[in-house]
1. In segment 23-50, which residues have a backbone nitrogen under 20 Å from the label point lying 7 Å from residue 87's Cα in the Cα-to-Cβ direction?
2. Can you tell me the relative contact order of segment 133-210? Whole percent, Cα pairs under 8 Å, sequence separation 6 or more.
3. For the Cα atoms of the chain, what angle does the longest principal axis make with the long axis of helix 74-87, in degrees from 0 to 90, nearest 10?
4. Over the chain, calculate the relative contact order: mean separation of alpha carbon pairs under 8 Å at least 6 apart, over the residue count, as a percent.
5. On a 0 to 90 degree scale, rounded to 10, what angle separates helix 17-29 from the longest Cα axis of the chain?
6. Tell me, how many Å apart are the Cα centres for segment 281-320 and for segment 109-155?
7. Along the Cα→Cβ direction, 7 angstrom out, place labels at residue 321 and residue 73. What is the inter-label distance in nm?
8. Go through 211-224, 323-336, 256-269 and give me the packing order, highest mean Cβ count within 10 Å leading.
C-alpha cells in the first residue's frame with residue numbers, strides 16, 4: 001500500500017468557470033490526479049465548468065461530486081454525465097448524493113435522502129450501461145428510459161456521498177465508491193469506511209473506493225497557512241453546521257473523533273456565529289482535525305493519515321486568495337516524493 005493516497009483538487013460553484021479552467025491547468029501541470037466539482041443549490045451549476053475543464057486538460061480525471069438527485073433527476077444525471085465523459089474521453093467520474101436538506105426543501109419537495117439514493121443509483125447505473133430502465137420507486141420512477149446514444153464508459157463506477165450510518169450502509173450495499181465530505185476528521189473516516197465495507201461484504205460486493213474532501217492551505221509560511229485553514233474551517237462551520245446545541249448523531253460522532261471536548265466545540269461555534277474572526281476563535285486542534293495545513297512537507301504527512309484511514313483519493317479545496325500558487329507549491333513536493 002502506498003504511503004499517500006492519490007491527491008486531487010476540488011472546485012465548486014463558488015468559482016466562476018474561467019477560474020476553474022485556470023485552476024485545472026495548474027492542477028494538471030502540477031501533477032495532481034483529479035479534479036472534482038462539488039455543486040450546491042443556488043450556486044453555479046458545475047457541469048459547464050467541468051465540461052470546459054475536460055476539454056482544456058488531457059490527463060486529469062474529471063469528477064462530478066456531488067451532483068444531487070433532486071436538482072438533477074437521475075435520468076438527467078445519466079444524460080449529462082455520459083456527454084461529459086465523451087468530452088473527457090473516458091476520464092469522467094460520477095458522484096451523486098441527496099444534497100443538503102434545508103436547501104433541497106426550498107424546491108418545494110420532501111427531502112427523503114435514503115429513499116432518493118436507493119432509487120437513483122440503479123436508474124443511473126442501468127442507463128449508463130446503455131440499457132433500458134423501467135423502475136418504480138418511492139422518490140424517483142422512470143418508464144422505458146434508455147439513452148439514445150452509446151455511453152463511452154458503460155461500466156462507470158458510481159460514488160455516493162454518505163455521512164450517517166444508514167447512508168454508509170446503503171453506500172456499501174449499492175454504490176461503487178464513497179465520498180466523504182469536508183469536516184470529517186480521519187478517525188471519523190476510518191469508522192465510516194468500516195461501516196461501508198462491512199455492508200458491502202454482507203451484500204457480496206467489493207469494498208467501495210473512497211474519496212475524501214479536505215480543506216488545504218499549503219505554503220512555505222506555516223503560520224500563514226494555518227491562519228488560512230482556520231478561516232476556511234470557520235466558514236464551513238457557520239455555513240453547514242446545524243444551529244443550536246442539539247445535533248444529529250453523526251455530528252456528535254464527528255465531534256468525538258475530532259478530539260475537541262463538546263463544550264469547547266459549542267463555545268467556538270457560538271463565537272463564530274457572533275462574527276468573531278476564525279483565527280481568534282479556532283485553535284490548532286481544529287486545524288489538525290479538519291484540514292491539511294502548513295508547509296508542503298507537513299501537508300504530505302497529514303495526507304498520509306487519511307491513507308491510513310482508508311482513503312484512496314484525497315481531494316483538496318485550496319483555501320485563500322491564490323489557490324493556483326498553493327497548488328503549484330504542493331505539486332512540487334508531490335513530484336519530489338514520487339522520485
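1. 23-29, 33-50
2. The normalised contact order for segment 133-210 reaches 27 percent.
3. Helix 74-87 sits roughly 80 degrees off the main axis of the chain.
4. The normalised contact order for the chain reaches 19 percent.
5. So the helix axis and the longest Cα principal axis differ by about 80 degrees.
6. 35 Å
7. For residue 321 paired with residue 73, the spin-label model returns 4.6 nm.
8. Top of the packing list down: 211-224, 323-336, 256-269.
We did not get these values from a lab; they are worked out from the coordinates using the rules stated. Just so we're clear, the structure is a prediction, and the values are computed from it rather than from any experiment. Don't worry about glycine lacking a Cβ; one is built from the backbone with ideal geometry, like all the others, and counts go over all protein chains shown.
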